[in-house]
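Chemist: Below is one structure. I have some questions about it.
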Amino acid sequence: RHALASNLFWGSRTVALYIPADGELSPLPLAERLATQGVTLALPVVTISPGRGPHLEFRRWYPGAPLVRNRYGIPEPAATAPRVPLLGLDRLVVPLVGFDDQGSRLGMGAGFYDRTLSALPAALRPRLIGYAHELQRSAHALPSADWDVPLEGVVTEIGMTLFRKRATGAIVD
């Protein structure tokens with residue numbers, strides 16, 4: 001509801017989301033609404049490439065489309081689903097373990113999102129939007145490394161928070 005009430009997804013043609021697991025806040029209502037507005041949706045697929053290691057690819061998906069479980073038990077589109085290039089994503093909604101008020105985030109620790117996004121210059125990356133429960137907000141700054149990709153905003157059950165971009169100091173609209 002908070003994401004849809006904002007202008008965060010206005011003008012988006014392609015949005016990648018995730019299928020919730022282990023109590024993660026669900027972006028599926030957002031996915032359903034975006035799909036009815038003609039937005040192309042994608043889900044991450046864990047891929048292991050020689051020399052690059054595990055990273056994410058994105059494949060087209062629509063609510064209700066069949067999914068298969070990957071080696072980690074995570075539902076994802078089948079390998080036959082059309083690939084969506086990273087440069088084609090306008091927004092990327094990610095699950096969180098924790099986040100702080102500077103836009104730092106903690107994931108599950110594998111670094112899939114950071115590894116994938118760091119392959120692009122910051123100006124070409126999709127806007128990274130976290131979905132989390134408010135109780136996952138840290139009152140203290142979280143540790144952050146140079147390769148960590150910060151959030152531009154986070155949506156919780158009580159509202160939405162936008163963060164200043166670290167590189168430019170510009171406020172995300």
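Chemist: Counting just the residues of region 150-162 that are under 16 Å from the mean Cα position of the chain (by Cα) and among the aliphatic types (A, V, I, L, M), which one comes out farthest from H2 (Cα to Cα)? Break it down into steps so the answer makes sense when it comes.
Modeler: Initially, region 150-162 is screened for residues under 16 Å from the mean Cα position of the chain (by Cα), giving 150-156, 160-162.
Retained after the next criterion (residues that are among the aliphatic types (A, V, I, L, M)): 151, 154-155, 160, 162.
Details: L151: 17, V154: 10, V155: 7, M160: 6, L162: 12 Å.
Looking at the filtered set, the residue picked out is L151.
Chemist: Considering only residues that are open to solvent by less than 60 Å² (accessible area, probe 1.4 Å), under 15 Å from L92 (Cα atoms) and not polar (S, T, N, Q), which ones fall in region 112-137?
Modeler: Listed by number, the residues that qualify are F112, Y113, D114, L117, L120, P126, R127, L128, I129, G130, Y131, A132.
Chemist: Inside region 138-149, can you point out the residues that are modelled with pLDDT of 90 or more and either surrounded by fewer than 12 Cβ atoms within 10 Å (Cβ to Cβ) or under 15 Å from the mean Cα position of the chain (by Cα) (or both)? Show your work before the answer.
Modeler: Narrowing region 138-149 to residues modelled with pLDDT of 90 or more: 138-142.
Within region 138-149, A139, H140, A141 meet the criteria.
Chemist: Quick one: in region 52-70, which of the residues that are in a strand (DSSP E or B), open to solvent by 40 Å² or more (accessible area, probe 1.4 Å) and basic (K, R) is farthest from G88 (Cα to Cα)?
Modeler: Looking only at region 52-70, we keep the residues that are in a strand (DSSP E or B), and these are 53-61, 68-69.
Filter once more, so that each one left must be open to solvent by 40 Å² or more (accessible area, probe 1.4 Å): 54, 60, 68-69.
From the residues that got through so far, the ones that are basic (K, R) too are 60, 69.
Values: R60: 11, R69: 25 Å.
Only one residue tops the list, namely R69.
Chemist: Only one of S26, S6, S49 is modelled with pLDDT under 95 and either surrounded by 18 or more Cβ atoms within 10 Å (Cβ to Cβ) or more than 21 Å from E152 (Cα to Cα) (or both); which?
Modeler: Numbers: S26 fails: either surrounded by 18 or more Cβ atoms within 10 Å (Cβ to Cβ) or more than 21 Å from E152 (Cα to Cα) (or both); S6 fails: either surrounded by 18 or more Cβ atoms within 10 Å (Cβ to Cβ) or more than 21 Å from E152 (Cα to Cα) (or both).
Selected residue: S49, the only one of S26, S6, S49 that is modelled with pLDDT under 95 and either surrounded by 18 or more Cβ atoms within 10 Å (Cβ to Cβ) or more than 21 Å from E152 (Cα to Cα) (or both).
Chemist: Just checking, which of L89, L117, L135, L56 is over 24 Å from E32 (Cβ atoms), under 15 Å from the mean Cα position of the chain (by Cα) and of a type outside the set (V, I, T)? First the steps, then the outcome.
Modeler: Values: L89 fails: over 24 Å from E32 (Cβ atoms); L135 fails: under 15 Å from the mean Cα position of the chain (by Cα); L56 fails: over 24 Å from E32 (Cβ atoms).
The unique qualifying residue is L117.
Chemist: Mind listing whichever residues of region 13-26 are under 16 Å from R60 (Cα atoms) and either out of contact with any Asp or Glu (no Cβ under 8 Å at 6 or more places or on another chain) or not in a loop (DSSP other than H, G, I, E, B) (or both)? Even if it seems obvious, please write down each step before you answer.
Modeler: As a first pass, look at region 13-26 and keep what is under 16 Å from R60 (Cα atoms): 13-19.
Of everything in region 13-26, those that are under 16 Å from R60 (Cα atoms) and either out of contact with any Asp or Glu (no Cβ under 8 Å at 6 or more places or on another chain) or not in a loop (DSSP other than H, G, I, E, B) (or both) turn out to be T14, V15, A16, L17.
Chemist: Something else about it: Is it fair to say A42 is assigned to a helix (DSSP H, G or I) and either open to solvent by 70 Å² or more (accessible area, probe 1.4 Å) or under 26 Å from E157 (Cα atoms) (or both)?
Modeler: No.
Chemist: Restricting to region 71-111, name every residue that is open to solvent by less than 40 Å² (accessible area, probe 1.4 Å), touching a Phe, Trp or Tyr at 6+ places or on another chain (Cβ under 9 Å) and closer than 19 Å to T40 by Cα.
Modeler: Listed by number, the residues that qualify are E76, P77, A81, V84, L86, G88, L89, D90, R91, L92, V93, V94.
Chemist: Hey, another quick one. Counting just the residues of region 153-173 that are part of a loop (DSSP other than H, G, I, E, B) and modelled with pLDDT of 90 or more, which one comes out surrounded by the fewest Cβ atoms within 10 Å (Cβ to Cβ)? Even if it seems obvious, please write down each step before you answer.
Modeler: Narrowing region 153-173 to residues part of a loop (DSSP other than H, G, I, E, B): 157-158, 163, 165-170, 172-173.
Adding the requirement that they be modelled with pLDDT of 90 or more leaves 157-158.
On the way: E157: 12, I158: 10.
Looking at residues that are part of a loop (DSSP other than H, G, I, E, B) and modelled with pLDDT of 90 or more, I get I158.
The values are calculated or read from the model by the stated rules, or taken from the named source; none is laboratory data. These numbers were taken from a predicted model, which means no experiment stands behind them. Note: ideal-geometry Cβ built from the backbone for every residue, glycine included; neighbour counts use all protein chains shown. Keep in mind that these areas ignore ligands, DNA and RNA; they rest on the heavy atoms of the full protein, side chains included. Shrake-Rupley method; radii C 1.70, N 1.55, O 1.52, S 1.80 Å.
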